1. Any chance region 50-64 includes a residue that's within 14 Å of residue 154 (Cα to Cα) and either without any contact (Cβ under 8 Å) to a residue 40 or more places away in the chain or within 15 Å of the chain's Cα centre (by Cα) (or both)?
2. Starting from residues that are in contact (Cβ under 8 Å) with a residue 40 or more places away in the chain and among the polar types (S, T, N, Q), keep the ones in region 33-49 and report whichever is most open to solvent (accessible area, probe 1.4 Å).
3. Which ones in region 3-32 are open to solvent by 30 Å² or more (accessible area, probe 1.4 Å), touching a strand residue (DSSP E or B) at 6+ places or on another chain (Cβ under 7 Å) and part of a helix (DSSP H, G or I)?
4. Which fully enclosed strands (runs of 3 or more DSSP E) of region 75-154 have 2 or more residues being on the phi > 0 side of the Ramachandran plot and surrounded by fewer than 16 Cβ atoms within 10 Å (Cβ to Cβ)?
5. When you go through 68, 61 one by one, which is the residue that is part of a helix (DSSP H, G or I) and either open to solvent by less than 30 Å² (accessible area, probe 1.4 Å) or modelled with pLDDT of 95 or more (or both)?
6. Considering (1) farther than 23 Å from residue 92 by Cβ; (2) more than 15 Å from the chain's Cα centre (by Cα), say which one residue 136 fails and leave the rest.
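The values are calculated or read from the model by the stated rules, or taken from the named source; none is laboratory data. As the structure is a computational prediction, the values presented were derived from the model and not from experiment. Please note: Cβ atoms are built from the backbone with ideal geometry, for glycine as well, and neighbour counts cover all protein chains shown. What goes into the accessible areas is simple: the full protein's heavy atoms, side chains included, and nothing from ligands, DNA or RNA. Shrake-Rupley method; radii C 1.70, N 1.55, O 1.52, S 1.80 Å.
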Amino acid sequence: MDLVFLGTGAGSGVPLFYCGCKACDEAQNDSKFRRSRSAIILTGKDDILFDAPPELSRQLIRAGIKKIDYLALTHWHYDHIGGLGDIEFYVRLHRNKALPAVMSYETWVQLQTIFGSVAECLDVELIEPSQVATFGEVHLTALEAAHSPGTLGF
């Protein structure tokens, strides 16, 4: 298995178009310092995607990822779910069956409000802190995270 960091930037990525801080200036001047929004994928027999930022498709292409077998969402903020439209197209046009996904109840409620059509594309398992979700041979333990209600770490 390999853990691939697709993005490690803040909620807006780095650089920000309006910012003049040292990190943003550095990233403006040298592309090696540019970072997209946070997401990771655990690759192996099965590929497990953690979060779906708005630039998800570009991140997956850059990393050479051709499939997603499972999805784990940490929370419902846009920088972590904005790429769910890409997931919906992947499921509807290529995978042709719902993608197993794990998330908190709070995230699921928000997803149905924000991305109603994507709900049909996910086979959702709700999870709470200290519970374990099994994706193939991988066991994910949900950890409570101090962020917004329902945020999980895995």
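1. yes
2. 38
3. Scanning region 3-32 gives a single hit, 23.
4. Correct list: empty, since no element meets the threshold.
5. On the way: 68 fails: part of a helix (DSSP H, G or I).
That would be 61, the only listed residue that is part of a helix (DSSP H, G or I) and either open to solvent by less than 30 Å² (accessible area, probe 1.4 Å) or modelled with pLDDT of 95 or more (or both).
6. Failed condition: (1).
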